[in-house]
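Only one structure is covered here, and it is reproduced in the block below.
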Amino acid sequence: MRGLLLLGAALALSGCGLRPLYGGGASGPVQTVLASVQVAPIEGQSGWLVSNALRDRLNVGQEGTARYRLEVRLDDQIAGLGVRSDDSVARERLTLRARYQLVDLSNGTVVLDATAGSDAGIDVVGSEYATIAAERTALERLSGIVADQIVARVARYAHAAPAAQ
């Protein structure tokens, strides 16, 4: 009986149409598109961090001609949340939002226009150095998260649009 249930589940899942996103490995269609994306310069410290994170994730050891340009505009904000009895800030919220466009270089068409973002909470402690270090660490972490979101969305585009490859 248990074997029949497993066989039935296997048959049901085989017809669902799921395909691995990165099928084909480094020479697969998604990875080929990702490796052909150039990242346009992004302003500011957060832009430098996001740009480096994107380059690390997109061009995994492959050199080639760029077919797409990724243009990213960032908005990073820090806001005080908790207030102590002496009116000093006890907690901060760092927010990093990105609006990005994937541009086809052959004709200048925007093929993907989306947003990504994340936020982090930071405890404000007595040491100004420790607070600044925590803010920088949070910004580095958020840059990686936003880059991951962008790359995942570009990969879904590449996977869903085989004609674009």
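The values are calculated or read from the model by the stated rules, or taken from the named source; none is laboratory data. For clarity, every value in this text was computed on a predicted model and none was experimentally measured. Cβ sites come from the backbone with ideal geometry, for glycine too, and all protein chains shown count toward neighbours. The accessibility values were calculated without ligands, DNA or RNA, using every heavy atom of the protein model including side chains. Shrake-Rupley method; radii C 1.70, N 1.55, O 1.52, S 1.80 Å.
Note down the accessible area of L102, probe 1.4 Å, to the nearest 10 Å².
Answer for L102: close to 0 Å² accessible.
About the Cα centre, and with charges only on the beta carbon of Lys, Arg (+1) and Asp, Glu (-1), how big is the dipole of segment 59-165? Nearest 20 debye, please.
The calculated dipole for segment 59-165 is roughly 440 debye.
Excluding T131 itself, what net charge comes from residues whose Cβ is under 11 Å from its Cβ, given Lys and Arg +1 and Asp and Glu -1?
Result for the neighbourhood of T131: -2.
Going out from 0 in 10 Å bins, what whole percent of all Cα-Cα distances in segment 35-131 drops into each bin?
14, 35, 25, 15, 9, 2
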